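I have placed the structure first, in the form of structure tokens, so that the comments after it can refer back to it.
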Amino acid sequence: AKMEGRGTYRFFEATMGAEVRDRRLIEHDLRHAISRRELSLVYQPQQDIKTGKTTGFEALLRWQHATRGAISPNVFIPIAEESGAILQIGEWVLQTACREAVSWNSDLAVAVNVSAVQLHTANFASLLHEILFQTGMPAQRLELEITETALVRDFDRALATLRQLKALGVRIAMDDFGTGYSSLSNLRAFPFDKIKIDGTFIKSVDVNEQAATIVRAVLGLGRGLGLPVLAEGVETASELDFLSAESCDEVQGYLLGVPADIGQFRHLTHETAAG
Ligand code: C2E
Ligand code: CA
Ligand code: CA
Ligand code: CA
């Protein structure tokens, strides 16, 4: 038993060691990712459920590491948040998304994920103002996706920042709705323009009565508050049918479009003047 215990301990020690080394490597390499041009944005369409028309795109960050290949944002974003690198990366994301969106021959919106760490810097609204000005991006075309964890950290500061952002003319969506722990009070307290229901509630919503109940409740909440609701992670036609029957406003997911280089969506971003 003693041997076993020691072996187990060593096993954990070894894996934790590898994890820490991995983290340090990622943390170190992230600092050079921008200058090495390893970062890029892919875009995923968001669609009006009634008309089937694309309303905009969510920009999603990709990191193609020189030797390790693609590293998921689920892995490197939390590390970037802890190390502070997210400030530089987040600025690059905003700048790149705005610059690229301006080059589209259309007025489609672009939604950008903003981390809690960015939101809580003293000058976030003025930084964004500067980026809009520099790129010539109309504020109304930009939507910021913010999760609840970004808000609960410092309520007063978050509220002040969101109000400044709204004054600039950008829209604000609550991301991953339902996964936080104080969604309802946050929805009332902050000036949101849209609710994004987290993909975990959409998965099997057509067959899972519990998920269906939650989604119906969120849709009712949106109607009551006058906020459009977007369902993310829509993968099947019957999930879409359910959302359509329940009068969800917008949808996003693999069924409607996998995140890809914006060139893949040329037919949407380069509409003729007539269409
Ligand atoms: P998120 O903001 O909730 O983004 C949705 C994620 O779900 C994306 O993963 C997207 O590719 C994926 N997805 C889209 N449709 C489907 C679907 O039908 N089924 C499933 N299973 N998944 C779908 P991705 O691109 O790997 O990003 C993961 C997370 O990383 C994002 O979650 C977001 O929290 C973060 N992230 C990505 N880009 C940025 C960024 O530029 N800045 C910040 N701060 N965070 C980012
Ligand atoms: Ca998002
Ligand atoms: Ca989300
Ligand atoms: Ca998420």
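The values are calculated or read from the model by the stated rules, or taken from the named source; none is laboratory data. Given the structure is predicted, the values throughout are model-derived calculations rather than measurements. Virtual Cβ from ideal backbone geometry, glycine too; neighbours counted across all protein chains shown. In case anyone asks, the SASA skips ligands and DNA or RNA and just uses the protein heavy atoms, side chains included. Shrake-Rupley method; radii C 1.70, N 1.55, O 1.52, S 1.80 Å.
What shape does region 151-197 have by the C-alpha gyration tensor, where a ≥ b ≥ c are the square roots of the eigenvalues, rounded means a/c under 1.5, and otherwise prolate means a/b greater than b/c and oblate the rest? Walk me through the intermediate numbers first.
Details: a/c = 2.35, a/b = 1.30, b/c = 1.80.
Taking the square roots of the gyration eigenvalues as a ≥ b ≥ c, region 151-197 is oblate.
Once label points are set 7 Å from the Cα along Cα→Cβ at both VAL20 and ARG188, what is their separation, rounded to one decimal in nm?
Taking the simple label geometry, VAL20 and ARG188 are separated by 4.6 nm.
Per DSSP H run of at least 4 residues, take -39500 (n - 2.57); add these up for the chain, divide by its residues and hand me the 222 nm value, nearest 500 deg cm²/dmol. Don't skip to the answer; put the middle values down first.
Numbers: 12 runs with 136 residues, N = 275.
Computed ellipticity for the chain at 222 nm equals -15000 deg cm²/dmol.
Which trypsin sites (Lys or Arg not before Pro) does region 28-127 hold that lie in a coil by DSSP with at most 15 other beta carbons within 10 Å? Intermediate results must be reported in sequence, preceding the final value.
Working: sites: ARG31, ARG36, ARG37, LYS50, LYS53, ARG62, ARG68, ARG99; in loops: ARG36, ARG37, LYS50, LYS53, ARG68.
Hits after loop and neighbour filter: ARG36, ARG37, LYS50, LYS53, ARG68.
Rounded, prolate or oblate: which fits region 41-147, taking a ≥ b ≥ c as square roots of the Cα gyration tensor eigenvalues, rounded meaning a/c under 1.5, else prolate when a/b beats b/c? Mind dumping the intermediate values first?
Working: a/c = 1.79, a/b = 1.28, b/c = 1.40.
Note, shape of region 41-147 comes out oblate.
Which of PHE133, PHE242, PHE57 ends up with the largest GNM mean-square fluctuation for the chain, with Cα atoms connected below 10 Å?
Among PHE133, PHE242, PHE57, the largest GNM mean-square fluctuation belongs to PHE133.
Quick one: which residues, 5+ away or cross-chain, put their amide H under 5 Å from the amide H of LEU144? H built at 1.01 Å from N.
Placed amide hydrogens put VAL112, ARG171, ILE172, ALA173 under 5 Å from LEU144.
Using the Karplus curve 6.51 cos²θ - 1.76 cosθ + 1.60 with θ = phi - 60°, what ³J(HN,Hα) values do you get for each residue of region 33-43, in whole Hz, with x for Gly and Pro?
4, 5, 5, 7, 6, 8, 9, 8, 10, 10, 10
Using each residue's phi in region 234-249, evaluate 6.51 cos²θ - 1.76 cosθ + 1.60 at θ = phi - 60° and report the 3J(HN,Hα) Karplus result to the nearest Hz, with x for Gly and Pro.
Per residue, the Karplus-derived 3J(HN,Hα) values read 6, 10, 10, 5, 6, 5, 5, 4, 4, 5, 5, 5, 8, 6, 5, 7 Hz.
Take the alpha-carbon centre of region 123-161, take the same for region 62-88, and report the distance between them in whole Å.
Region 123-161 and region 62-88 have Cα centres separated by 21 Å.
Round to the nearest 0.05 the FRET efficiency obtained for HIS28 and GLU130 when R0 = 45 Å and r is the Cβ-Cβ distance. Mind showing how you got there, number by number?
Numbers: r = 29 Å, r/R0 = 0.64.
So, using R0 = 45 Å, E works out to roughly 0.95.
If I take R0 = 22 Å and measure r between the Cβ atoms of LEU168 and ASN105 in this structure, what FRET efficiency does the formula 1/(1 + (r/R0)^6) give, to the nearest 0.05?
On the way: r = 24 Å, r/R0 = 1.11.
Efficiency at R0 = 22 Å is approximately 0.35.
Pull up all non-local amide H partners of LEU108: gap of 5 or more, or a different chain, and H-to-H distance under 5 Å with H placed in the peptide plane.
none
Return the sequence-ordered ³J(HN,Hα) values of region 99-109 in whole Hz as given by the Karplus equation 6.51 cos²θ - 1.76 cosθ + 1.60 applied to θ = phi - 60°, using x for Gly and Pro.
For region 99-109, the Karplus curve yields 4, 5, 5, 5, 7, 6, 8, 6, 9, 4, 7 Hz.
Report, by chain and number, residues whose modeled amide H sits under 5 Å from the one on GLN46, excluding near sequence neighbours (fewer than 5 apart, same chain).
THR55, GLY56, PHE57, GLU58
Can you sort SER244, SER106 by solvent-accessible area, 1.4 Å probe, largest first? Don't jump to the answer; show the numbers that get you there.
Details: SER244 60, SER106 15 Å².
The residues order as SER244, SER106, largest area first.
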